[in-house]
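This report refers to the structure that appears directly beneath it.
The values are calculated or read from the model by the stated rules, or taken from the named source; none is laboratory data. Everything quoted here is computed from the prediction, not taken from an experiment. FYI the Cβ positions are ideal-geometry reconstructions off the backbone, even for glycines, and counts take in every protein chain you see.
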Amino acid sequence: MPPTPQTARLMSSVGAEEETVKRTWTIIGVGDVARSFKWYQSLLGLPETSPAHDYFGQILDTDGTVLLCLHQWGAHEHPPLVSPSRSGPGNGLLLFFRVDDFDEALLRAHTLVAALAEEPHVNPNTGTKEFALCDHDGYYVMISALSAA
């Protein structure tokens, strides 16, 4: 099976002995995959597309990198994704996105929620601007500028 275009690009930029590629895919349980899919695409300023399935979708960056996976609660036998009633959505989880269009992301966020969970501020530890909001499934989402303020 040939490599994906993204993997081929990565392989061409490293030596043959370094062809291993690792990625993390954060998967969250959601009540409505299509609704959450559109919400995250809007927040991140990504082109609107549809999820591959009604029970699972991947939010992709413009280069094909998986940013977030959305999995319908109870669609499969994955123990942590059986039901949001087993524990609160997002318990112990912070969805943290670094963006290169912070001001635009803030404008988009205001169209998605009535109020932010944290108003824009400069994080004293990182020196970057950030704000937070909650999605409609209760997940806490932090948006942070890629560069220092």
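Quick look at the numbers
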{"item": "Given (1) among the basic types (K, R); (2) in a loop (DSSP other than H, G, I, E, B); (3) in contact with a helix residue (DSSP H, G or I) (Cβ under 7 Å, 6 or more places away or on another chain), index of the condition R86 fails", "result": "(3)"}
{"item": "Residue tally, condition at pLDDT 95 or above, outside any helix (DSSP H, G or I) and out of contact with any helix residue (DSSP H, G or I) (no Cβ under 7 Å at 6 or more places or on another chain), over segment 26-46", "result": "2"}
{"item": "Count of segment 89-101 residues which are under 16 Å from L67 (Cβ atoms) and either assigned to a helix (DSSP H, G or I) or touching a strand residue (DSSP E or B) at 6+ places or on another chain (Cβ under 7 Å) (or both)", "result": "7"}
{"item": "Residue in segment 48-59 that is free of Cβ contacts under 8 Å to residues at least 40 places away in the same chain, among the charged types (D, E, K, R) and over 19 Å from F96 (Cα atoms) present", "result": "yes"}
{"item": "D101 vs. criteria without any contact (Cβ under 8 Å) to a residue 24 or more places away in the chain and closer than 28 Å to E130 by Cβ", "result": "no"}
